[in-house]
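The values are calculated or read from the model by the stated rules, or taken from the named source; none is laboratory data. As the structure is a computational prediction, the values presented were derived from the model and not from experiment. Cβ sites come from the backbone with ideal geometry, for glycine too, and all protein chains shown count toward neighbours. Heavy atoms of the whole protein, side chains included, go into the accessibility calculation; ligands, DNA and RNA do not. Shrake-Rupley method; radii C 1.70, N 1.55, O 1.52, S 1.80 Å.
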Amino acid sequence: MLDQKKEQMDKRCRKTRKAIKIALIKMMSEKELSDITITEIAEDADINRKTFYSHYRDLYDVLDEIENDLVSKIFQILDRADLLKSIHNPYPLFHQITSEMNEDIEFYSLLVQSKDYNNFMDKIKTILKERFLEMCQNTVQMEKEILSFTIDFITSGLTSVYREWVRSDNRISLEQLTRSLSTLIGSGFNGLAEEQKHEAIPSKSI
């Protein structure tokens, strides 16, 4: 009985926190974070200020949790992925990421339209870049500087394309987009890796 009550309380807690996050992201598509008030968030999430403060210290605390949740989900996907195979064929990895987006498309659609999206994604890309470099250093034969710029190019391109997809009328599905991006990035990365491999082989003197 106690376990059932605890489960119900946990469920209500998750539901309230989710409502607060969606309210914040929704308002961030209309105005800057500094212009948003706790009262506005509480009204949109259908709670009172006291309930808000029972979950978060302030709006920055909410934003930190959104960032941490997203990074945690991406890291879980990366931990399950076969990185070496993903480099040559990124589709399975990208498919897992877009499947995560599809499970909560309303939230992610609001997120990419928020005014703080660029700052938010800069933080995410920095963390991802460090993680990718760490995971790639022993599996990819490529100069570290080239690899670093390549990861910058890929992460910036992906976040930009997905944002444009959300803003568009979605005439192609997220699945179609993911397959096209996977082919483009996989071919480009493989070609670059092959080029680096040839440059590393010393030419024979005649």
Scope region 171-190; condition polar (S, T, N, Q) and either assigned to a helix (DSSP H, G or I) or surrounded by 13 or more Cβ atoms within 10 Å (Cβ to Cβ) (or both); matching residues: GLN176, THR178, SER180, SER182, THR183, SER187, ASN190
Output for Cβ contacts, cut-off 8 Å, separation at least six or different chains, first residue closer than 24 Å to PHE52 by Cα in region 65-79, second open to solvent by 50 Å² or more (accessible area, probe 1.4 Å) and not aliphatic (A, V, I, L, M), reads GLU65/ARG17; GLU67/LYS123
Hey, among the residues in region 54-76 that are within 12 Å of THR16 (Cβ to Cβ) and among the hydroxyl-bearing types (Ser, Thr, Tyr), which one's most open to solvent (accessible area, probe 1.4 Å)? SER54
Show the residue pairs meeting these rules: Cβ distance below 8 Å; 6+ apart or different chains; first residue within region 104-118 and closer than 13 Å to ALA23 by Cα; second residue among the aromatic types (Phe, Trp, Tyr) and buried (at least 16 other Cβ atoms within 10 Å of the Cβ). LEU111/TYR117; LEU111/PHE120; SER114/PHE120
In region 147-181, what count of residues is obtained for those that are hydroxyl-bearing (Ser, Thr, Tyr) and within 17 Å of PHE120 (Cβ to Cβ)? 5
Would you confirm whether or not region 49-61 contains a residue that is under 24 Å from ARG167 (Cβ atoms) and either β-branched (Val, Ile, Thr) or out of contact with any helix residue (DSSP H, G or I) (no Cβ under 7 Å at 6 or more places or on another chain) (or both)? no
Name the residues in region 122-159 that are open to solvent by 40 Å² or more (accessible area, probe 1.4 Å), closer than 18 Å to LEU93 by Cα, assigned to a helix (DSSP H, G or I) and of a type in the set (Ser, Thr, Tyr), would you? SER156
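Please tell me if THR39 is hydroxyl-bearing (Ser, Thr, Tyr), touching a residue at least 24 places away in the same chain (Cβ under 8 Å) and more than 27 Å from GLN176 (Cα to Cα). Spell out the reasoning first.
Values: hydroxyl-bearing (Ser, Thr, Tyr): yes; touching a residue at least 24 places away in the same chain (Cβ under 8 Å): no; more than 27 Å from GLN176 (Cα to Cα): yes.
Against the criterion (hydroxyl-bearing (Ser, Thr, Tyr), touching a residue at least 24 places away in the same chain (Cβ under 8 Å) and more than 27 Å from GLN176 (Cα to Cα)), THR39 does not qualify.
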